[in-house]
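Values in this text are rule-based calculations from the coordinates and carry no lab data. Note that the structure is predicted; figures quoted are calculated from it, not measured. Here the Cβ positions follow ideal geometry from the backbone for every residue, glycine too, while neighbour counts run over all protein chains shown.
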Amino acid sequence: MRQDTRMTPESRGSQTVEPPPPRRQAPADEIALHGVDHAYGELQTLVAIDLEAPAHSVLGLVGPSGCGKSTLLELICGLREPAAGTIAVGGATEAAERLARCAFMPQRDLLLPWYSAIDNAALALRNQGIGRRKARAAAAGLFERFGLDGFEAARPDELSGGMRQRVAFLRTLIAGKPVLALDEPFASLDAITRAEMQEWLAAALRTDPRTAVLVTHDVEEALYLSDRVAVLSARPGRIVAELRAPAPRAPDRDAAVTDPAFVAAREEALRALRRGMRGS
Amino acid sequence: MGDRGTKRWGGIWQWLLPVLFLAALVGIWQIATSTGAIADALDLEDFLVPSPAEVATALWENRELLMENAWVTLREMLFGLLFAILVGVGFAVAMHFSGFVLRSTYPLVIASQTIPIVVIAPILVVWFGYGMTPKIVIIALICFFPITVNALDGLRSVDPEAVKLMRSLDASRWQRFWRAEAPAALPSLFTGLKIAVVVAPIGAIFSEWAGSSAGLGHLIQSDTANFQVARQFATVFVLSVLALALMGLTALAERRVVTWR
């Protein structure tokens with residue numbers, strides 16, 4: 001067992017971690033959801049969601065497909081409004097204010113095919129009223145830092161799947177928002193590229209820490225990239241377990257994911273998922 | 001080497017086959033008319049069934065007359081298409097932005113296509129005279145429809161996830177339109193434009209028949225009265241060349257603008 005792991009026998013027994021007591025003064029980046037319900041018409045999608053993420057932490061959301069985890073992400077981003085409950089991002093509860101604080105990365109990379117890679121990455125800056133030349137210059141620095149130099153002028157269809165995801169992530173990062181909302185960012189990639197991209201994202205978040213919400217169906221991905229992972233049940237989605245990751249974003253991914261503490265946490269998350277699937 | 005050889009031959013055949021087919025058709029037509037076979041079968045005078053050689057002669061001898069009238073018809077088509085694009089794209093954008101505009105005008109846009117041109121053309125001539133105006137109105141009336149419908153479809157085809165993305169990346173409504181929706185709609189817009197370009201000559205001929213003093217349609221009409229069948233064929237040939245040229249220009253513009261497909 002590693003020193004920094006919080007996996008205690010008690011927590012493994014109860015399979016939940018008590019959320020920290022709510023702070024009086026929330027720091028700017030904190031995400032806080034209280035009693036959030038959501039429904040599409042008659043279809044109840046989310047029930048009584050309570051979640052918190054401190055500044056510069058990554059919150060993972062895992063659950064069976066159709067459980068409403070993407071909807072939950074859109075709620076946090078201010079792209080939707082809940083039926084009940086409150087959602088605060090950096091203390092702001094209005095949808096428009098949440099939208100101003102979150103950068104959304106959709107499931108597919110959705111690079112606009114009529115723009116070059118660098119213009120796609122700089123899209124948020126252009127939308128914020130910055131000129132093309134300045135926006136490109138700002139994005140060019142990140143292209144170099146994230147191993148994309150030389151591909152600035154490439155059209156999206158000339159890039160590999162992994163590179164497209166990198167450009168899509170840079171586009172989210174360059175928006176300069178305190179919160180990153182990532183919706184299954186690597187779901188479309190093959191296993192090897194996905195592992196590489198997880199390492200890449202971990203490195204990116206180590207050098208440029210942000211508050212992030214990561215939706216994924218991959219328990220291992222969630223536990224490697226997040227500080228805390230919330231497991232959702234099948235629809236209507238409720239939180240069935242909340243786990244602390246043993247070694248968030250460790251530089252050596254292979255060592256991290258084979259560590260006994262990590263394996264135990266993964267098994268625990270999978271058990272929670274199975275319980276959630278049966279409907280609790 | 002062998003591969004390249006077959007490939008090159010494939011390329012040549014792609015051009016050669018339709019040319020050979022056309023040449024064969026013209027050849028059969030030439031034989032059938034010069035021997036008088038068609039005229040005999042239809043029990044007509046020989047000059048009413050011109051051979052390709054006679055059509056070519058008519059084309060050459062009347063080149064100035066044909067050019068003058070082609071220029072009139074081409075101007076009508078270009079102005080008609082210009083108005084069709086302005087009105088068609090304008091309608092599509094207004095309908096895309098406003099559900100109220102969509103619900104209140106879409107039925108009218110469709111109804112506008114049920115008006116028979118044959119009925120409305122003479123009325124427009126009474127209103128606007130024998131000049132360019134009624135022609136431009138008629139061509140615009142039939143050409144704006146495919147442009148509106150296709151442009152609107154294109155604007156609506158935009159990925160809802162892309163809309164969420166643009167909203168999250170601080171895009172205003174207009175930035176969302178210019179950076180995500182309008183480019184996504186361009187391929188559909190060009191599809192509509194190609195249909196419009198093909199129906200524009202039909203509109204031009206109809207409107208000239210309703211009343212005009214010049215143009216290829218006017219020429220065909222007066223030649224019908226004078227049994228100038230060879231020149232009629234030559235006029236139709238010029239009209240087809242105009243339509244093909246407009247189509248080619250549209251396809252070229254599409255390739256220059258929509259570079260991501």
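For an R0 of 30 angstrom, estimate the FRET efficiency from the Cβ-Cβ distance between A:Arg133 and A:Ser65 and round to the nearest 0.05. All intermediate terms of the calculation are to be shown ahead of the outcome.
On the way: r = 43 Å, r/R0 = 1.44.
Working from the Cβ atoms, E equals 0.10.
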Count charges around B:Leu252 for me, please; just the other residues with Cβ under 15 Å from its Cβ, Lys/Arg as +1, Asp/Glu as -1.
+3
Size of electric dipole in the protein assembly as shown: Cβ of Lys, Arg +1 and of Asp, Glu -1, about Cα centre, debye, nearest 20
1440 debye
Centre separation in Å (Cα based) which lies between segment B:196-261 and segment B:108-160
17 Å
Do the sum for chain A: with -39,500 (n - 2.57) for every DSSP H run of n ≥ 4, divided by all residues, what is the mean residue ellipticity at 222 nm, to the nearest 500 deg cm²/dmol?
-11500 deg cm²/dmol
Note the per residue figure in Å³ for the convex hull of the C-alpha positions in segment A:95-203.
102 Å³
If one compares the long axis through the Cα atoms of helix B:52-61 with the longest principal axis of the Cα atoms of chain B, the angle in degrees, nearest 10, works out at 80 degrees
Computed over the protein assembly as shown, Kirkwood Rh from alpha-carbon pairs, angstrom:
28.5 Å
Based on the alpha-carbon gyration tensor of segment A:232-280 and its eigenvalue square roots a ≥ b ≥ c, which shape applies: rounded if a/c is under 1.5, prolate if not and a/b is larger than b/c, or oblate?
prolate
Between A:Ala191 and A:Glu144, take the C-beta separation as r, use R0 = 41 Å, and let me know the FRET efficiency to the nearest 0.05.
0.90
Under a 5 Å amide H to amide H cut-off, with H placed in plane at 1.01 Å, what residues pair with B:Ala214 once short-range neighbours are removed?
none
Can you return the lysines within cross-link range of B:Lys164? Criterion is Cα-Cα under 24 Å, with same-chain partners fewer than 8 residues away left out.
A:Lys69, A:Lys177
Calculated from backbone phi, Karplus (6.51, -1.76, 1.60) coupling profile of segment B:213-219 in Hz, x at Gly/Pro:
10, 7, x, 5, x, 4, 5
If you average the alpha carbon positions of segment B:162-178 and of segment B:51-96, how far apart do those two centres end up, in angstrom?
40 Å
Treat the count of other C-beta atoms within 10 Å as a stand-in for reagent exposure and order A:Val219, B:Val126 from fewest to most.
B:Val126, A:Val219
Choice from B:Ala196, B:Ala56, B:Ala84 showing the highest fluctuation, given a GNM over chain B with Cα pairs closer than 10 Å:
B:Ala56
Binned Cα-Cα distance frequencies in segment A:36-121 - 5 Å width, integer %
3, 12, 20, 23, 18, 12, 7, 4, 1
Taking the Cα atoms of chain A, what is the range of coordinates along each of the three principal axes, in descending order and whole Å?
55, 42, 36
Given charges at beta-carbon only (K, R positive; D, E negative), |dipole| of segment A:137-280 in Debye:
740 debye
B:Val163 to B:Trp13: FRET efficiency via 1/(1 + (r/R0)^6), r the Cβ-Cβ distance, R0 41 Å, to the nearest 0.05?
0.30
Let me know the charge dipole size of segment B:50-257 about its Cα centre in debye, to the nearest 20, where only the beta-carbon of Lys, Arg (+1) and Asp, Glu (-1) is charged.
760 debye
Once you have all Cα-Cα distances for segment B:81-216, histogram them in 5 Å bins from zero and send the whole-percent values.
2, 11, 18, 18, 16, 12, 9, 6, 4, 3, 1, 0
What the 10 Å binned alpha carbon P(r) of chain B shows, as percent of pairs per bin from 0, is 7, 22, 25, 22, 16, 7, 2, 0
Max mean-square fluctuation residue, GNM over chain A, Cα-Cα springs under 10 Å, options A:Phe169, A:Phe262, A:Phe146
A:Phe146
Which ³J(HN,Hα) values, rounded to whole Hz and listed in residue order, are derived for segment B:201-208 from phi using the Karplus coefficients 6.51, -1.76 and 1.60 in 6.51 cos²θ - 1.76 cosθ + 1.60 with θ = phi - 60°, glycine and proline given as x?
x, 4, x, 5, 5, 4, 5, 6
Summed over the other residues with a beta carbon less than 12 angstrom from that of A:Gly35, with K and R at +1 and D and E at -1, the charge totals -1
Going toward the positive end of the dipole of chain B, with +1 on Lys and Arg Cβ and -1 on Asp and Glu Cβ, which of B:Pro160, B:Gly80, B:Leu102 do you reach last?
B:Pro160
Going by the alpha-carbon gyration tensor, a ≥ b ≥ c the square roots of its eigenvalues, is segment B:1-105 rounded (a/c under 1.5) or, if a/c is not under 1.5, prolate (a/b greater than b/c) versus oblate?
oblate
Once you measure Cβ to Cβ distances between cysteines in the protein assembly as shown, which Cys have no partner under 4.7 Å?
A:Cys67, B:Cys143
When you look at the Cβ of every residue in A:123-130, what mean number of other chain Cβ atoms sits within 10 Å?
5
Cα centroid distance between segment A:64-86 and segment A:227-272, in Å?
21 Å
